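Peer 1: Before I ask anything, here is the structure I am working with.
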Amino acid sequence: MHDQATPRSAAMTRDTRLDEKLAAIRRDPFGSKEFLICDAKDPDMARGINALGLVRGTDERDRPQDRGGFLETVRAIVRQDIVDLMLLSPYNLHQLAIDEELFAGSSMARAARVNDTSEIWLPRHGTYRATASMPFRTADLSRVMHGGRPPLANGVAGADLGLYSLTFTNDVAADLRTLAAYNEFRTDCNALGFRHFLEVFNPNVGQLAGVEVGEFVNDCIVRCLAGVDREAAPLFLKVAYNGPRAMEELVGYDDQMIVGVLGGNAGTTRDTLELLHQAKRYGARLALFGRKINQAESPLDLIEVLRRVADGDVKPAEGVALYHDRVAKAGLTARRHLDDDNSVSQPVLKAA
C-alpha cells in the first residue's frame, strides 16, 4: 500500500502530518520511529443518542453528551494539535471543515467515515449484530469532499480521505456482498480522486475463537487486497488487536503495509495505554482510538499521555498515574480509583 507517486488533481494535494509520517515510514520501514495517534470522532454513525460519550453533571451523575458539547471537544482537540488525524461523521465534518473552516491552516489531517455496515448499527435495544454484517453506505463521496459546492482550485473544503470498514464472517454469501460493495466503493474513489484507509473488524458471528480469529482476519486482508492495484489500495489498515502473534504476522507480511490498531471498548485507562504500547511493540505504526478517548474524563489530557507513551517517554502504568494527576488538577472526578484504573481488564492485553 503506497502513497501515489503524483496527485491526480489539486484536490489530492496534502501537506499534513499524517501524509508526512506515512511517507517517512514507507521510505524506511524498519528505521523510522514515527507512530501516529488518530482520534475517531465518528460514533454518531453507530450508536445514536448515547454515541457522544458521557458528561458528569453537578449532581455527580453521568448523562449523554449533546452534539454541541461534543463538537466543542473536537474543536479543542484540533487546537491542541497533537492528534495526527481527526475522523468525523460526514455530518460533523461538513459543519467543522466546510462551514467553520476549522482545519484551515492546520497540519492535522481530517477524514470521514464513509460506510456504515450493519456491524456498527448499535441502537438501544437493537439486535443487528446477531446476524452477519451487511454492507451499507450512507455517505456521498462527492459531498464529503466538497459539501455540494464547486470544487476548490487548490484542495477540498471537506475531506478527500475516508474510513471504509469491512467485516469478514466466514459466510460466503455475506462476505461476497461485503467484497462486492468494497469494489463499488473503490470505483467511486477512482473516479473522484478520493483516498481511503481500511478498517477490518473481527467476525461478528461464527465459531472462530482464540488464535483462529487473528489468522482468519489476516488471511482475509491479504487475499482481499491482492486484487487491488497500488494506486487504489488503502493508505493504511486499522485492525483489532488480536495479540502479539497476529500483529507481528500481519506487519511482517509486507513492509509497505502500514498497520494500525483500533481501540474497541473503552475499558480502563491502563487498557488504553497498554493497547497502544503493545501494538507498537509488535509492529503497529498508528493507533486510532474512539471510545477510549471520547469516554475519558479529560480527553485532551489523555491525548497528551497517549503521545508520551507512544514516544516512549513514560510506561503505561506511569501514564495512568500521570493522567489521574492531570484529572485531579483540572478539578475533575475520576470515574475509577487509581488502583482500579491501573489494572489491565481486557484478556488480549493480559496474554502478552
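Peer 1: How much area per residue is accessible in the range 125-187 when the probe is 1.4 Å and only protein heavy atoms are counted (Å²)? Kindly include the intermediate steps, with their values, before the conclusion.
Peer 2: On the way: 3230 Å² over 63 residues.
So the range 125-187 comes to 51 Å² accessible per residue, rounded to a whole number.
Peer 1: Report the charge-dipole magnitude of the chain in Debye, nearest 20, computed about the Cα centre from +1 at each Lys and Arg Cβ and -1 at each Asp and Glu Cβ. Walk me through the numbers on the way to the answer.
Peer 2: Numbers: 43 positive and 49 negative charges, 56 e Å.
Here the size comes out at about 260 debye.
Peer 1: Mind putting together the pair-distance distribution for the range 69-221? All Cα pairs, 5 Å bins, whole percent per bin, short to long.
Peer 2: In order of increasing distance, the bins hold 2, 8, 17, 18, 16, 14, 12, 8, 4, 1, 0 percent.
Peer 1: Report the per residue volume, in Å³, of the convex hull enclosing the C-alpha atoms of the range 118-163. Let's see the in-between values first.
Peer 2: Values: hull volume 3.7 nm³, N = 46.
In the range 118-163, the Cα hull volume divided by residue count equals 80 Å³.
Peer 1: For the range 30-103, what does the accessible surface come to per residue with a 1.4 Å probe? Please give it in Å². Walk me through the numbers before you get to the answer.
Peer 2: Numbers: 3370 Å² over 74 residues.
Roughly 46 Å² per residue, with all protein chains present.
Peer 1: Would you calculate a helix-derived [θ] at 222 nm for the chain, using -39,500 (n - 2.57) for each DSSP H run of n ≥ 4 and dividing by the full residue count, to the nearest 500? Show your work: numbers first, answer last.
Peer 2: Numbers: 13 runs with 132 residues, N = 352.
Rounded to the nearest 500, it is -11000 deg cm²/dmol.
Peer 1: Gain in length, Leu225 to Asp81, computed as 0.36 nm per residue apart minus the alpha-carbon separation, to one decimal in nm? Don't jump to the answer; show the numbers that get you there.
Peer 2: Working: separation 144, 0.36 × 144 = 51.84 nm, distance 3.27 nm.
Extending this stretch completely gives an extra 48.6 nm.
Peer 1: Nothing charged except the Cβ atoms of Lys and Arg (+1) and of Asp and Glu (-1): what's the magnitude of the dipole of the range 244-352 about its Cα centre? Round to the nearest 20 debye. Before the final figure, lay out the partial values.
Peer 2: Working: 15 positive and 16 negative charges, 33 e Å.
That gives a dipole near 160 debye.
Peer 1: Can I ask one more? Where the accessible area of the chain is counted over protein heavy atoms with a 1.4 Å probe, how much of it, in %, is carbon and sulfur?
Peer 2: Details: 7880 of 15730 Å².
Taking all protein chains in place, the chain shows 50 percent carbon and sulfur surface.
Peer 1: Any chance you could tell me what percent of the C-alpha pair distances in the range 256-318 go past 20 Å? The partial results should precede the final answer.
Peer 2: Values: 347 of 1953 pairs.
Value for the range 256-318: 18 percent of Cα pairs lie more than 20 Å apart.
Peer 1: Explain nothing, just the number: dipole magnitude of the range 186-308 about its Cα centre with +1 on each Lys and Arg Cβ and -1 on each Asp and Glu Cβ, in debye rounded to the nearest 20. Show your work: numbers first, answer last.
Peer 2: Numbers: 14 positive and 16 negative charges, 56 e Å.
The calculation lands at about 280 debye.
Peer 1: Once every Cα of the chain carries one equal point scatterer and solvent is ignored, give the base-10 log of I(q)/I(0) from the Debye formula at q = 0.08, 0.13, 0.15 Å⁻¹, two decimals.
Peer 2: -0.37, -1.05, -1.46
Peer 1: Turning to a different aspect of this structure: Please compute the per residue accessible area over the range 208-352 with all protein chains in place, 1.4 Å probe, rounded to a whole number of Å².
Peer 2: Values: 6220 Å² over 145 residues.
Ligands and nucleic acids excluded, the result is 43 Å² per residue.
Peer 1: Along Cα→Cβ, 7 Å out, is where each label goes; now give me the distance between the ones at Arg26 and Arg56 in nm to one decimal.
Peer 2: It is 4.5 nm.
The values are calculated or read from the model by the stated rules, or taken from the named source; none is laboratory data. The structure displayed is predicted, hence computed values, not measured ones. Positions of Cβ are backbone-derived with ideal geometry, glycine not excepted, and every protein chain shown enters the neighbour counts. These accessible areas exclude ligands, DNA and RNA; they are computed on the full protein's heavy atoms, side chains included. Shrake-Rupley method; radii C 1.70, N 1.55, O 1.52, S 1.80 Å.
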